[in-house]
Each structure stands twice: as structure tokens, then as C-alpha cells.
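Below is one structure, written out as C-alpha cells; comments come after it.
The values are calculated or read from the model by the stated rules, or taken from the named source; none is laboratory data. Please read all numbers here as calculations on a predicted model, not as lab measurements. When we count neighbours, we look across all protein chains shown, and the Cβ atoms used for this are built from the backbone with ideal geometry, even at glycine.
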Amino acid sequence: MSLRLVRIDDRLIHGQVVASWLRAIGAQRIVIVDDATARDEFLREVLTLAAPEGVPVEVHDVASGAARCSELARTPEPVIVLARSPRTMLALRQAGVPIEIVDVGGMGAGPGRRRLHKTISVSPEEIRELRELEQLGTRVEIQIVADDRPISFRSLDSGN
Amino acid sequence: MFRKFAAFGGCLALALLLAAALPSVALAAGSGTSAGTPTITVSIWQAALIALGYYLANSPWLFGLAFFTIYRPLVAGFFVGLILGDPAQGTLVGAAINVPFLAFGSYGGTLPIDPGFAGWVGVTLALAGHLDPATAVSIAFGLGLLGTIIFYTRMALDSVFAHWADARAEKADIAGVALMNWLPGQAFLFVASFVPVFIFALNGPSAVQDVLNRLPLWGVNGLVIAGGILPAIGIALNMRFIFRGSAIPYFFIGFILMTASHGSMSLVVIAALGLALAYLHLSFVRRDAPAQTATAATPAAEGARPAATAVPSTEPALRLTRGDLIRSWALWTFFAHANYNYERLQGTGFAHAMTPIIKRLYFTEDEIRAALKRHLVFFNTEPNFGNVVHGTVIAMEEQRANGAAIDDDAINSVKSGLMGPMAGIGDTLSQNTITPILLALGIGIAGGQAGGTTVPTLSNAVGNPLGAILYTVAISVVIVAIGYTAWMQGYARGRSFVTEILRSGTIDRVLIGAGVLGNMVLGALAATFVVVNLAPTVNIAGAQMNLQAAIIDPLFPGALALGLVLMTWWLLRRQVSPLAILAAYLVISILAAYPFFGPGQKNAGDYSYQACTSSLLHQYSPCGAPPAPTAQP
């Protein structure tokens, strides 16, 4: 299993990912799956250049991202997969990418969103999408930085 | 909302209870022997100044630099020393406490540990309680964990004030939004940080000393031993960032230079050597960077695209002045984290910084309201290098006010798209590279020269306040320079500045050079602050000799300390949690001080230096000799 960290983070590559996760799990490649980012040449370049030297960054839309992630899952190279939203993650899972654990690392607050845990906020749709991921056999966990203890989504999602 | 207040109340009560519990522990322990220890007094005024210092360390009032300066135990130690009348010893203890926190960083609303609390309270306890600096290191780690309660309470409560700012924005009240970004949050923070530290400073020293007096001697020794072992965790955590690839040998060079010179080589000399080697490394050793994958994926012309596609050809009617830009930058630099909270992180700080821009560009109530609301949303970046986002956004606002077709989505997508990557680069630069290296340098200078013995120990070192002062000046200049440049260049050139600076490879070169320098300094620091002293003796030609002094150190001075650091680094690489390592090292230190092999060390009166060979580790080297008191100049 070389998809070492499969993470939902609306800021994609940032301090938590570069400073904490990348070092902690020794990842050698970052794969970003996001339709809008894949279309924006400027953001694509910024993200590619924002990772530390020696860590290649790929930006894919959902269709090519699913194929690429499935391919990488079969290689021994340790990889971080980043997506902005539960929806993208669900699409990857439904396209057959073998995802054992989805890490929810960054979902900011906004209108119509309620706080789930610390900096993590969710909309009702996203809650549904995360539940669907769990139904497909993927564990959903909140773990903002590598040194945090992971918290299961299920334990926070009681009752609503 | 009620839940948040309840959480806040609970946390504050817990902090107060813990603080209040100390004096009662002291009373319970009060009858214990306190032979020969001077009485301790921290006056009310001194306690208040120390508490104020800790508040300031968390506040925006020092041009946003508090986080990089007085929040660090090295600098806090200097100021506590000033307040209590011994800045040299304060700096020394602060430096020692700082080593385990060397790799401290806070990313996006996470705080693993609070070095500010550890520094301000830890140094107070050490100075007023006449503790061995190594004991202070052990105690300070616990304090650092306690301090995070204040941070997390504040992160939860400040979300409420973000909604107060929303209400002001709804009324198009620019000054009101600015006020909500600092007044309520800071009023709360003042109480939440001042009160516990005041109580700790006033009552803590005698309480801690009474507890220590009640401990068996091996327990006290265990804390001193732990004080020599815990720094390995800070150094190893930092090695995760820089101990890589072709930079690895420099760590050993730094370590060996320090041990081979018996700790007498100045860290400034080692750093100068490190700079020279960094230059050589960049010139000769580093293989050419692989062609950046980005350029393959992106047409080269793309980066030079201006931020807005539709700039009116006529001279814009509304122009921002240089003063507006500087005011906006200064507001951000001061107040970015004044109302830091879980919900929006720096959102209200961003809106606050935009107030001079909004005042200049927008006049109708609708425009002002829309602009305030636009910038009150979730935002988080590294607040110095990340300023390139603000500069870019300000340029977009200016074009928009002059009629360019830039909608909210365009501005939001630049903010939310750039803030992450810029934080990734900014954190790597400022929190993971520049700060630890300068800190290590300052700590090395502050640690001073050991007096007398061949192997330096904290107990007989003389502190040098210059270490704290030079660090403060250096980090402040670097941070302000990065922040100002990023802000102004972001405004003037926007996206093309971002792509240009990333493509140029300058940042990579800085990071690689800093990696060489950082490894040298870190190695040297490991040689000074990581202390492992074996107690057992061996029989050599009929004489009982200390195992370490007779056999290990002559072969490779400091081999045990180096081994401990490398083992810690390896454990961290194996994803063992730093807190688990910390707990294990504390337990091992105290067990290793227990007299398993010989006469017990019940209390100070019974203690004879022959008895030290009865434990596994000993606090001073070589086993048996107490540290010679330093001659007063």
C-alpha cells in the first residue's frame, strides 16, 4: 500500500502537509486531484513549485487522477494524495482507487457549514459524502498533523 | 455558543486549579527538610512583570515578532533573569529549556506544546527555586504541555469574536471590524495568560523546591539526568527537517568539532565555518536540480500573465498610496493572530489588514459591506512569506475599484489557491529553517563556556545574555525583511512575482545552504546539551575506573550522546510519537538514577560520591566529582 496519506485538505499543499506529513511519512511524491486546479495553469505551477525539492507534484483532474492513483497504489513509492473536497475523494473511491483511510486534514468554516472538530467544518452534503466513503469500506479519520492522534469520523458524526 | 463558553470556563478553572494546587502541595510538603537552601521570594511586582511578559509573548503588540522572540525560552529566560536580577543565569536556563523546543512550530492552528509557558514559568521556577538548569529542563517540558490549554481555549473562544466582526461588517463599520479583531480576543487572552503565570510565579518556586526536598536523592538526580537526555528529542525533531541526503555529514562535523575542542569552540566560529561549507556545498557538491517538472507541464509564458485580464486603459481614478500599503502591511504584521481562532484562523486578521485599502477604494455602504465580508472568510497562510497573497489581493482590489471585471470569485480563488502553497514555502523557510538555526546559534552563545571540567555541564556553565539579544535582533530583521518584500512585490507584480521567485530556485538554494549550516550548528549543540554519563566502573589493571571516562570517551568523545541523538532520530523516523519518547526517556532517566547496584542514596546527608557508582547513569561527569563552582569574576 503506497498511498501513504490520502487527505482531504481545502488548502492542498501548505505548512501542515509540507512540514509535518511529508517528513513524518517520508513521502516522495504528491498527487493532487482537483478539477478546478487542473484547469488553472497558474495554480498548477505554483503547487508544483511549492513542494520541497525532490518531491514531484502532479496535478490531475478526477478522471486522470483515478487512473494515476490506482497505478501508484501498486508501486512501492510512498505517495501523498490530496483532494480539496469529500466529493472528489468519493469520486476516486468509486472509480476503484484502493483507499484504506481518508485523512480529513483541512476543511474551513463558511456559511452553511458547522464545526466538526477544531479547524474542521462540514456542510450537510459533505457529511453525506463522508458517510458514503465509510460505507464503501474506507475509514475516515481526522488527523490534522502527523503528531496528532487520529479521531474517527464516526465518533464525531453521532446523531445528525 | 454556550458550549464554547462552558469549554472556556472549564479550561480556565482547570488552569487555576492546577496553579492553586501547587501552594497546597507546598504546605503539605512544607515540613520537609530544606537544609541549606536559601529562601525564595518572588515579589508581587516581579510576578506581575513575568505574567505580563508571558501575555506579551502571545500578544500582537510587539510588531507580530513576539512569536519569534519572547515566546522562545531563550529570550524569555533573558527577560525573566532581568526581572529577577540575574540575566546571565536566566539566559543560561532559558537556553537549556529551549533545546527540547528547538523544532517547535505551529501550523494552521495546531500547537503541539507551548514553549512560551515553559520558558516564562520554567525559568522563574529555576531562578527563584535555585534549581539545577537540567532539572528545570525536565520540569519545563511538563509546563509546556500545560500551556497548550490556554492556546486551545483561546482558539475556541475567539471564533465567537469573528461573528461579532461579521455583525460590524453588516453595518459597513470599518473601524468596528478592526476593533473586533483585537479588543475582545486580547482582553480574554490577557486574563487567560496573565492569571495562571502570575500565580505560578508567585507560589511555584517554593512549591517546586519543597517537592524536590521531599524526593529521595535518586529522584532528584533522575530529573537532572533527564535534563541531559530530553534535549536529544528537540535536536532529533529538528533533524527530521534538515538531516537528509548530502547534508548529513555536516551534522557529524559540527558534533566532532565541539567534542574535540572539549566544548571550548565558540558556536559563532562553527557557524562561520558552516557558512563557508554551505557555499562550497552549493558550488561543488549539489547535483544540478532536476528540470522542474512544472515547466514541462506549463507554458513558460503563463507566469507573466497579469493578475487581471481586463485592466482599463485609462489612468485609474483611485490609486493606493505607498502609505496605504505600509499601513495595511503594518496592521497585518501586528494583528494577523490577534484573534486567531478555529473557525476562520487568520480571517479577521486579514479583514483588519484590508481596512486602509477598503477606506481608500470604496465609498458606498454597499461596496464597503461587500468588501469587509469578502475578507472576513477563512484565511490562513504563513504570515511573512505568505504576504505575497495580500499584495496580490490588494492589487486586484485596486483594479476592481477602478472598474476592472474582477468578481468575488476571482479574488477568493487567488486567496484560497495561493494561501496554502505560500504557507508551505513560508513555514519551511521561517519556522523550520531560519528560526531553529538562529535559535541554535543563540542557544550556543547563551550556553557560554563551561568552567573547569573537560566535559562541560550545564551546572557550571556561565550564561551569556548576548545569545538571547543577538538571536532577537537577527530573527526580527530576517522576518520583517521577508514580510515586507513579499507584501510589496506581491502588490507590484502579483502572480509573476510568485512564479518568478519559485522558478528561480533561490528558495531551494537558501534551504540547501541553510541545511548545511543548520546541521553543523545542530551537531555542535547536541555535543553541548545532550549529556549521558554512565556510572558503572570497570576494573582496569587493578584500579576501578569509570567505564565511560576510561574506555568510551577516549575512543570517541561524546559517543553516547551522539548515539542517543541518532537513536531518537531513528525512533521518530519510525513514527514513534515524540510524547511517547519523552515519557520513556523520563522514566528511564529516573530508573537509571536508582541505586540498584549498591548503597542507597536516601537523602543528601547520606550521599557519598562513592555511592554514585551504584546507579546506571549519573548526573555529573565523571561519576563522583560534583561540579566545581564557577569562580566569580
Spot the failing condition for B:THR364; the list is (1) within 11 Å of chain A (Cβ to nearest Cβ); (2) of a type in the set (S, T, N, Q); (3) free of Cβ contacts under 8 Å to residues at least 40 places away in the same chain, and only one is missed.
(1)
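Filter the range B:268-300 for residues that are assigned to a loop (DSSP other than H, G, I, E, B), more than 15 Å from B:PRO249 (Cα to Cα) and modelled with pLDDT of 50 or more and give the result.
Once the filter is applied, which keeps residues that are assigned to a loop (DSSP other than H, G, I, E, B), more than 15 Å from B:PRO249 (Cα to Cα) and modelled with pLDDT of 50 or more, the range B:268-300 yields B:ARG287, B:ASP288.
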Restricting attention to the range B:41-63, the residues that are buried (at least 17 other Cβ atoms within 10 Å of the Cβ) and modelled with pLDDT under 95 number exactly 1
Where the second residue is charged (D, E, K, R) and not in a loop (DSSP other than H, G, I, E, B) and the first is closer than 18 Å to B:GLY386 by Cβ and touching a residue at least 24 places away in the same chain (Cβ under 8 Å) and lies in the range A:38-63, which pairs have Cβ atoms under 9 Å and are six or more apart or on separate chains?
A:PRO52/B:ASP508
When restricted to B:ILE199, B:ILE225, the only residue among the hydrophobic types (A, V, I, L, M, F, W, C) and in contact with a Leu (Cβ under 6 Å, 6 or more places away or on another chain) is B:ILE225
I'd like the full set of residues that are of a type in the set (S, T, N, Q) and either under 22 Å from A:PRO52 (Cα atoms) or touching a helix residue (DSSP H, G or I) at 6+ places or on another chain (Cβ under 7 Å) (or both), limited to the range B:230-286.
B:ASN238, B:SER246, B:THR259, B:SER283
Is it the case, given these coordinates, that B:MET180 is of a type in the set (A, V, I, L, M, F, W, C) and more than 14 Å from chain A (Cβ to nearest Cβ)?
yes
Taking the range B:99-131 on its own, how many of its residues are polar (S, T, N, Q) and farther than 17 Å from B:ASN58 by Cα?
1
Taking the range A:16-64 and keeping only residues that are farther than 26 Å from B:SER504 by Cβ, modelled with pLDDT under 90 and among the aliphatic types (A, V, I, L, M), one is left with A:ALA24, A:ILE25
One residue is enough: does the range B:159-167 have a residue meeting the conditions away from chain A (no Cβ under 14 Å), under 23 Å from B:ALA353 (Cβ atoms) and assigned to a helix (DSSP H, G or I)?
yes
Does B:THR110 satisfy the condition of being without any contact (Cβ under 8 Å) to a residue 40 or more places away in the chain and among the hydroxyl-bearing types (Ser, Thr, Tyr)?
yes
Mind listing whichever residues of the range B:350-409 are in contact with a strand residue (DSSP E or B) (Cβ under 8 Å, 6 or more places away or on another chain) and either in a helix (DSSP H, G or I) or aliphatic (A, V, I, L, M) (or both)?
B:PHE350
Could you check how many residues of the range A:1-60 are assigned to a strand (DSSP E or B), facing chain B (nearest Cβ under 10 Å) and charged (D, E, K, R)?
2
Might you check whether a residue that is out of contact with any Cys (no Cβ under 7 Å at 6 or more places or on another chain), outside any helix (DSSP H, G or I), modelled with pLDDT under 90 and surrounded by 19 or more Cβ atoms within 10 Å (Cβ to Cβ) occurs anywhere in the range A:77-89?
no
List pairs: first in the range B:234-245 and at negative phi and surrounded by fewer than 22 Cβ atoms within 10 Å (Cβ to Cβ), second among the hydrophobic types (A, V, I, L, M, F, W, C) and part of a helix (DSSP H, G or I), Cβ under 9 Å, 6+ apart or cross-chain?
B:ARG240/A:ALA24; B:ARG240/B:TRP569; B:ARG240/B:LEU572
Only one of (1) surrounded by fewer than 24 Cβ atoms within 10 Å (Cβ to Cβ); (2) part of a helix (DSSP H, G or I); (3) of a type outside the set (D, E, K, R) does not apply to B:PRO112, and that is (2)
How many residues does the range A:99-145 hold that are over 14 Å from A:VAL6 (Cβ atoms), among the hydrophobic types (A, V, I, L, M, F, W, C) and within 14 Å of chain B (Cβ to nearest Cβ)?
7
For the range A:66-121, enumerate the residues that are of a type in the set (Lys, Arg) and at positive phi.
A:LYS118
Return the residues of the range A:101-123 that are touching a residue at least 40 places away in the same chain (Cβ under 8 Å) and more than 12 Å from the chain's Cα centre (by Cα); say none if nothing qualifies.
A:GLY108, A:LEU116
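Would you confirm, using the coordinates I've provided, whether B:LEU146 is part of a helix (DSSP H, G or I), in contact (Cβ under 8 Å) with a residue 24 or more places away in the chain and either within 25 Å of B:PRO87 (Cα to Cα) or among the acidic types (Asp, Glu) (or both)? First the steps, then the outcome.
Details: part of a helix (DSSP H, G or I): yes; in contact (Cβ under 8 Å) with a residue 24 or more places away in the chain: yes; either within 25 Å of B:PRO87 (Cα to Cα) or among the acidic types (Asp, Glu) (or both): no.
Against the criterion (part of a helix (DSSP H, G or I), in contact (Cβ under 8 Å) with a residue 24 or more places away in the chain and either within 25 Å of B:PRO87 (Cα to Cα) or among the acidic types (Asp, Glu) (or both)), B:LEU146 does not qualify.
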Restricting the range A:5-32 to residues that are in contact with a strand residue (DSSP E or B) (Cβ under 6 Å, 6 or more places away or on another chain) and basic (Lys, Arg), which is surrounded by the fewest Cβ atoms within 10 Å (Cβ to Cβ)?
A:ARG29
